[in-house]
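> Pasting a structure here, questions to come.
The values are calculated or read from the model by the stated rules, or taken from the named source; none is laboratory data. This structure is a prediction, so every number in the text was calculated from the model and none was measured. Every residue, glycine among them, receives a Cβ derived from its backbone with ideal geometry; neighbour counts consider all protein chains shown. Remember, those area values only see protein heavy atoms, side chains included, never the ligands or the DNA or RNA. Shrake-Rupley method; radii C 1.70, N 1.55, O 1.52, S 1.80 Å.
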Amino acid sequence: MSAAEEVVEGHEAVEAVPKRAMTLGTGTSLVVLAALIIAPVFVKNFIIFQMTMLLIYGLAVLALNILTGGSGQFSLGQSAFYAVGAYTTAVLMEHFNVNYALTLPIAGVVCFGFGFLFGQPALRLSGVYLALATFALATAMPQLLKLNFLEHWTGGVQGLVVTKPDAPFGLSMSQDMWLYYFTLVVVLAIYIFSVNLLRSRSGRAFMAIRDNEIAASAMGINVALYKTLAFGVSAAITGIAGSLGAIAVQFVAPDSYTITLAISLFLGMVVGGVGWLPGSIVGAAFIIFVPNIAEGISKGLSGAVFGVLLFLVIYLVPHGARQVAILGQQLAGKLRKN
């Protein structure tokens, strides 16, 4: 294939992106939203806490989906951005008495700058080499948070305790229920923003770079700018997820944000379906609940059981939850015809 043909093919792929199904159907979306709104009324606080963490990890997986599924850049360093967001909120709340809601955009801006700057030297890397660079960042972050000159702010190894907010305006609901609804609103807002971003001119540029970087450059796309922008946006959303996580857990410590968290988020993206935003919540559910299921089957061999369950999922549905959704739509279509 000639260079001109590659450019034309890349251009057609870019224009076709907005027509692809990137969201659930309207009916399905309304049912899911209604379930998320009503469920906390009928469950205990511990279940509400788990649902809150499900939304938070879903948001972090969504951020990684924008970076990897959107622009084709692999990252194993999301735990570092998650930690920066969490510590930004913890420091602002506990040392400066900043309102918890105001810490979220601040954490997003801080992490956007961090991700954008990290994306600059990473421009020379791609594929497995970029993954290794981000892996190094995730490995180093817990140690950086333990440095002596930061200990006054971060609490060092001991970490910081974060105060969970009460419901405002005298609303008669528990702290856990209020935080759940607050998190739900934030997650929905960012989800809508993400869908519109990937359907916008910038999103088409991301996907053009993902599909064919040379063709994208030939079409006049500023590859360096959009690759670093993707890193920045992904880091910002991950930082907001980290902020919400710090408030929900009420504690931050360096060892809470190790490479294990980064790998879990990457796993959640794969299980949910790379590039399919609704699958982020499915991937989050997998990394939160399946380890507990594995431990329930065998406490002594929980790791082995989890590995077997993961292998079965990847073997049966290699494209993740997106593949299941497509099969479900095809089956529903055949049933309607009959």
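> Could you pull out the residue among Leu76, Leu36 that is of a type outside the set (Phe, Trp, Tyr), over 18 Å from Ser194 (Cα atoms), in contact (Cβ under 8 Å) with a residue 40 or more places away in the chain and not in a helix (DSSP H, G or I)?
When all the criteria are applied, what remains is Leu76.
> Determine which member of the set Gly70, Gly58 is over 20 Å from Ala136 (Cβ atoms), more than 12 Å from the chain's Cα centre (by Cα) and buried (at least 24 other Cβ atoms within 10 Å of the Cβ).
The match here is Gly70.
> Check whether at least one residue in region 220-230 is among the hydrophobic types (A, V, I, L, M, F, W, C) and in contact with a Leu (Cβ under 7 Å, 6 or more places away or on another chain), and report yes or no.
yes
Each row is one residue, and each column tells you yes or no for (1) in contact with a Ser or Thr (Cβ under 8 Å, 6 or more places away or on another chain); (2) open to solvent by less than 60 Å² (accessible area, probe 1.4 Å); (3) outside any helix (DSSP H, G or I); (4) closer than 30 Å to Val43 by Cβ.
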residue: Met93; (1), (2), (3), (4): yes, yes, no, yes
residue: Ala107; (1), (2), (3), (4): yes, yes, no, yes
residue: Tyr129; (1), (2), (3), (4): no, no, no, no
residue: Pro142; (1), (2), (3), (4): yes, yes, no, no
residue: Glu151; (1), (2), (3), (4): no, no, no, no
residue: Leu179; (1), (2), (3), (4): yes, yes, no, yes
residue: Val186; (1), (2), (3), (4): no, yes, no, yes
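> Something else now. Any idea how many residues of region 157-177 are in contact (Cβ under 8 Å) with a residue 24 or more places away in the chain and assigned to a helix (DSSP H, G or I)?
Selection size over region 157-177: 4.
> Quick one: in region 283-338, of everything that is among the hydroxyl-bearing types (Ser, Thr, Tyr) and within 16 Å of Leu267 (Cβ to Cβ), which residue is least open to solvent (accessible area, probe 1.4 Å)?
If we take residues in region 283-338 being among the hydroxyl-bearing types (Ser, Thr, Tyr) and within 16 Å of Leu267 (Cβ to Cβ), then Ser302 is least open to solvent (accessible area, probe 1.4 Å).
> Could you run through region 278-328 and say how many residues are of a type in the set (S, T, N, Q) and free of Cβ contacts under 8 Å to residues at least 40 places away in the same chain?
Our first condition is that a residue be of a type in the set (S, T, N, Q); within region 278-328, this holds for 280, 292, 298, 302, 323.
If we keep only those that are free of Cβ contacts under 8 Å to residues at least 40 places away in the same chain too, we end up with 292, 298, 302.
Going through region 278-328 one residue at a time, the tally reaches 3.
> Now for a different question. Could you please let me know if Ile214 is among the β-branched types (Val, Ile, Thr), closer than 19 Å to Gly72 by Cβ and touching a Lys or Arg at 6+ places or on another chain (Cβ under 9 Å)?
Criteria not met by Ile214.
> If a residue has to be within 17 Å of Gly239 (Cβ to Cβ) and open to solvent by less than 30 Å² (accessible area, probe 1.4 Å) to count, how many in region 249-267 make the cut?
Residues flagged as within 17 Å of Gly239 (Cβ to Cβ) and open to solvent by less than 30 Å² (accessible area, probe 1.4 Å) within region 249-267 amount to 6.
> Another one. Filter region 195-245 down to residues that are of a type in the set (Ser, Thr, Tyr) and over 23 Å from Thr103 (Cβ atoms) and give me whichever is surrounded by the fewest Cβ atoms within 10 Å (Cβ to Cβ). Explain how you work it out, then say what you get.
Pass one, region 195-245, residues of a type in the set (Ser, Thr, Tyr): 200, 202, 217, 226, 228, 234, 238, 243.
Subset that is over 23 Å from Thr103 (Cβ atoms): 200, 202, 217, 226, 228.
On the way: Ser200: 12, Ser202: 17, Ser217: 16, Tyr226: 20, Thr228: 22.
Here the answer is Ser200.
> Of the residues that make up region 192-205, is at least one under 21 Å from Leu137 (Cβ atoms) and not charged (D, E, K, R)?
Start the filter on region 192-205 by keeping residues that are under 21 Å from Leu137 (Cβ atoms), which leaves none.
No, the conditions are met nowhere in region 192-205.
> If I filter region 109-127 down to residues being open to solvent by less than 70 Å² (accessible area, probe 1.4 Å) and among the aliphatic types (A, V, I, L, M), which single residue comes out as modelled with the highest pLDDT?
Checked region 109-127; the qualifying residue modelled with the highest pLDDT is Val110.
> Out of everything in region 95-104 that is without any contact (Cβ under 8 Å) to a residue 60 or more places away in the chain and part of a helix (DSSP H, G or I), what residue ends up being nearest to Ala248 (Cα to Cα)?
My answer is Leu102.
> Identify, please: which residue in region 74-91 is open to solvent by 10 Å² or more (accessible area, probe 1.4 Å) and modelled with pLDDT under 95 and is, among those, farthest from Gly155 (Cα to Cα)?
Taking the candidates together, the pick is Phe74.
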